[in-house]
Amino acid sequence: MNVLILQGSPRANGNTAWMAEEFKKAAEAAGHRVTLADVGRKKIGGCLACEYCHGKGNGACVQKDDMQALYPLFAEAEALVLASPVYYFTMAAQVQAAIQRLYCIQKPPKLRKMALLLSSYSPDVYDGAVGEYRGIADYWEVEDAGVVTAKLDEQKTDATRAKVVALAAKV
Ligand SMILES: Cc1cc2nc3c(=O)[nH]c(=O)nc-3n(C[C@H](O)[C@H](O)[C@H](O)COP(=O)(O)O)c2cc1C
C-alpha cells in the first residue's frame with residue numbers, strides 16, 4: 001500500500017517527527033511504500049475559496065506554493081497518516097492547510113485508510129484534533145485505523161513506540 005505521512009511539526013527532531021519516523025519504519029518493515037512529508041516548515045496557504053479549481057483550473061489550485069509538491073503524493077496515497085503536535089487544542093495549522101487545499105480534488109482518489117499521531121504537552125487535550133480527524137475520515141468514507149497520542153511523559157518512550165508499531169500494523 002502507498003502510505004503518505006504528513007508530519008506537521010516544524011521541529012525536525014521533535015516528538016511528532018519521532019512518532020512519524022517510528023510509524024514509517026514499522027510500515028516499511030510490513031512491506032508498504034511510505035512517503036514522509038514534513039509540512040511543518042512548508043509554505044502552504046489556506047484555501048482561498050476562489051473556485052478556480054472547480055472552473056478554469058480544471059482540478060488544479062490557483063496557488064503555486066509548496067502544496068504543489070504534495071498533490072502528486074495525495075494522488076497516489078492509499079493510506080494517509082496525519083502526525084501533528086497539538087497546537088491550541090487542535091492540529092498544527094500546516095496540517096490543516098494541506099488538508100483544506102484538497103478542496104480542488106475533493107478526496108485523494110485512492111485513499112482507503114487514515115491514522116492519527118498526536119504529540120502534546122498536557123493530557124486530555126485531544127478532542128479537537130481527534131474530532132477533526134474523524135470528521136475528515138467520515139467525509140471521505142475511509143477507514144479510521146486508529147489514533148496514538150503522546151503527552152510529555154509518553155514522548156519517545158518504548159510504550160509509545162509499541163502503540164505506533166501496533167497502529168502501523170493496521171494500515
Ligand atoms: C503554538 C503552540 C501551541 C501549543 N498548544 C498546546 C496545547 O493546546 N496543548 C498542549 O498540551 N500542548 C500544546 N503545545 C505543546 C506541544 O503540543 C508539545 O510540546 C508537542 O510535544 C510538540 O511537538 P513536537 O516536539 O513534535 O514539536 C503547544 C505548542 C506550541 C508551539
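Listing Thr149, Thr16 from the residue with the fewest other Cβ atoms within 10 Å to the one with the most, what is the order?
Least crowded to most crowded, the residues run Thr149, Thr16.
Residue by residue through segment 123-132, which ³J(HN,Hα) values in whole Hz follow from phi under the Karplus form 6.51 cos²θ - 1.76 cosθ + 1.60 (θ = phi - 60°), with glycine and proline marked x?
Result, ordered by residue: x, 6, 10, 9, 4, x, 5, 5, x, 5 Hz.
Just want the ordering: Ser119, Ser9, from fewest to most Cβ atoms lying within 10 Å of their own Cβ.
Ser9, Ser119
Remind me, relative contact order of segment 2-168 in percent, using alpha carbon pairs under 8 angstrom and six or more residues apart?
Relative contact order, segment 2-168: 27 percent.
Which ³J(HN,Hα) values, rounded to whole Hz and listed in residue order, are derived for segment 25-36 from phi using the Karplus coefficients 6.51, -1.76 and 1.60 in 6.51 cos²θ - 1.76 cosθ + 1.60 with θ = phi - 60°, glycine and proline given as x?
Whole-Hz 3J(HN,Hα) from phi for segment 25-36: 4, 5, 5, 5, 4, 7, x, 7, 8, 10, 10, 9.
Run the reach check for Lys151 against lysines, Cα to Cα strictly under 16 Å, same-chain hits fewer than 8 apart removed. What comes back?
The reachable lysines, counting only those whose Cα sits under 16 Å from Lys151, are Lys163.
If exposed means no more than 10 neighbouring beta carbons inside 10 Å and the site is in a DSSP loop, what's the longest run of the chain without any exposed trypsin sites (Lys or Arg not before Pro)?
My reading of the result: 65-171 is the longest stretch.
Can you give the calculated 222 nm mean residue ellipticity of the chain, where each DSSP H run of n ≥ 4 adds -39,500 (n - 2.57) and the sum is split over every residue, rounded to the nearest 500 deg cm²/dmol?
-9500 deg cm²/dmol
What span do the alpha-carbon atoms of the chain cover on each of the three principal axes, reported in whole Å from largest to smallest?
51, 35, 27
Loop by DSSP (not H, G, I, E, B), at most 15 other beta-carbon atoms within 10 Å: where is the longest site-free stretch of the chain for GluC sites (Glu not before Pro)?
Counting only loop sites that pass the neighbour cut-off, the longest clear stretch is 52-140.
Mind telling me which of Val142, Val86, Val62 comes out most flexible in a GNM of the chain, alpha-carbon contacts under 10 Å?
Maximum fluctuation in the GNM of the chain, among the listed residues, is at Val62.
Dipole of segment 67-162 (Lys/Arg Cβ +1, Asp/Glu Cβ -1, origin at the Cα centre): which of Phe89, Gln155, Pro72 lies farthest to the positive side?
Sorting the options by dipole projection puts first Pro72.
Name the long-range amide H neighbours of Gly146: under 5 Å, sequence gap of 5 or more, or other chain; modelled H, no Pro or chain starts.
Here Leu116 satisfy the definition.
Under the Karplus relation 6.51 cos²θ - 1.76 cosθ + 1.60, θ = phi - 60°, what is the ordered set of whole-Hz ³J(HN,Hα) values for segment 76-84, x standing for Gly and Pro?
Values, residue by residue: 9, 5, 9, 10, 10, 10, 9, 10, 8 Hz.
Taking neighbour counts of Cβ atoms within 10 Å as a proxy for exposure, in what order, fewest first, do Cys50, Cys61 appear?
Arranged by neighbour count, lowest to highest, Cys50, Cys61 become Cys50, Cys61.
Charges only on Cβ, +1 for Lys and Arg, -1 for Asp and Glu: so what's the dipole of the chain about the Cα centre, in debye to the nearest 20?
Here the size comes out at about 420 debye.
Give the peptides 93-100, 68-75 in descending order of average Cβ contacts within 10 Å, highest first.
My ranking of the peptides, most packed first, is 93-100, 68-75.
Throughout, read-outs are computed from the coordinates displayed, never taken from laboratory work. Keep in mind that what you see is a predicted model, and the values were worked out from it rather than measured. Note that we place each Cβ from the backbone using ideal geometry, even for glycine, and neighbour counts take in every protein chain shown.
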